[in-house]
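J.: I have a structure I would like to understand better, so I am pasting it below and will then ask my questions one at a time.
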Amino acid sequence: MGQKSASSSAATKVSSFVLLIIFVTLAVALAALVLAVQAYSIGNDVVAVYLLFIGFIGVALSTYVLFQTRQRMMRLRIETPPITTTIECKKCGFKNVREFQRGDYIFKEVEPCQKCNEKMLITAIYREVREKGKTSFPY
Ligand SMILES: [Zn+2]
């Protein structure tokens, strides 16, 4: 729980770092492939096979990681579910659900109950996860 805002800038920072690593790995892998061809042309078959192996693993690994990161980034971009705050009246049990507002925290006293005018408390703050064709409300 917690860590609601300021995660998007950190995500882009991390992904650019990952992209750099992928780029370096890819460059090393391609260099290994070029060296493999050179070693083969010289007649050094064993070294050529090793370099080819390193090159292919590097390419496969960086492609895989790139694919994973792209997927994660797309998911982050598409899904930004709203944060919901649940307010409950301790006296009559009246429940109200509204959008999260800055400064909301659990057990914070908010506006009085619409039914009995008693003070209401925030009982839950959560991010709504929307599934296709479903609502997250169990009631
Ligand atoms: Zn009430």
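J.: Test of understanding: among VAL59, VAL97, which residue is out of contact with any strand residue (DSSP E or B) (no Cβ under 8 Å at 6 or more places or on another chain), modelled with pLDDT of 90 or more and hydrophobic (A, V, I, L, M, F, W, C)?
T.: VAL59
J.: So if I check each of TYR64, TYR50, which one is over 34 Å from the mean Cα position of the chain (by Cα) and either surrounded by 12 or more Cβ atoms within 10 Å (Cβ to Cβ) or outside the structural domain of GLU99 (by TED's automatic domain parsing) (or both)?
T.: After applying the criteria, what remains is TYR50.
J.: Could you please find all residues in the range 11-47 being surrounded by 14 or more Cβ atoms within 10 Å (Cβ to Cβ) and among the aromatic types (Phe, Trp, Tyr)?
T.: Listed by number, the list holds a single entry, TYR40.
J.: From the list ARG102, ARG70, ARG75, which one is within 35 Å of the chain's Cα centre (by Cα), in a loop (DSSP other than H, G, I, E, B), away from the ligand (no atom under 16 Å from the Cβ) and of a type outside the set (Val, Ile, Thr)?
T.: Being within 35 Å of the chain's Cα centre (by Cα), in a loop (DSSP other than H, G, I, E, B), away from the ligand (no atom under 16 Å from the Cβ) and of a type outside the set (Val, Ile, Thr) holds for just one of ARG102, ARG70, ARG75, which is ARG102.
J.: Does GLY55 satisfy the criteria of being surrounded by 14 or more Cβ atoms within 10 Å (Cβ to Cβ) and among the small types (Gly, Ala, Ser)?
T.: yes
The values are calculated or read from the model by the stated rules, or taken from the named source; none is laboratory data. Source: prediction; values computed, not measured. So basically every Cβ, Gly included, is an ideal-geometry build from the backbone, and we count neighbours across all protein chains shown.
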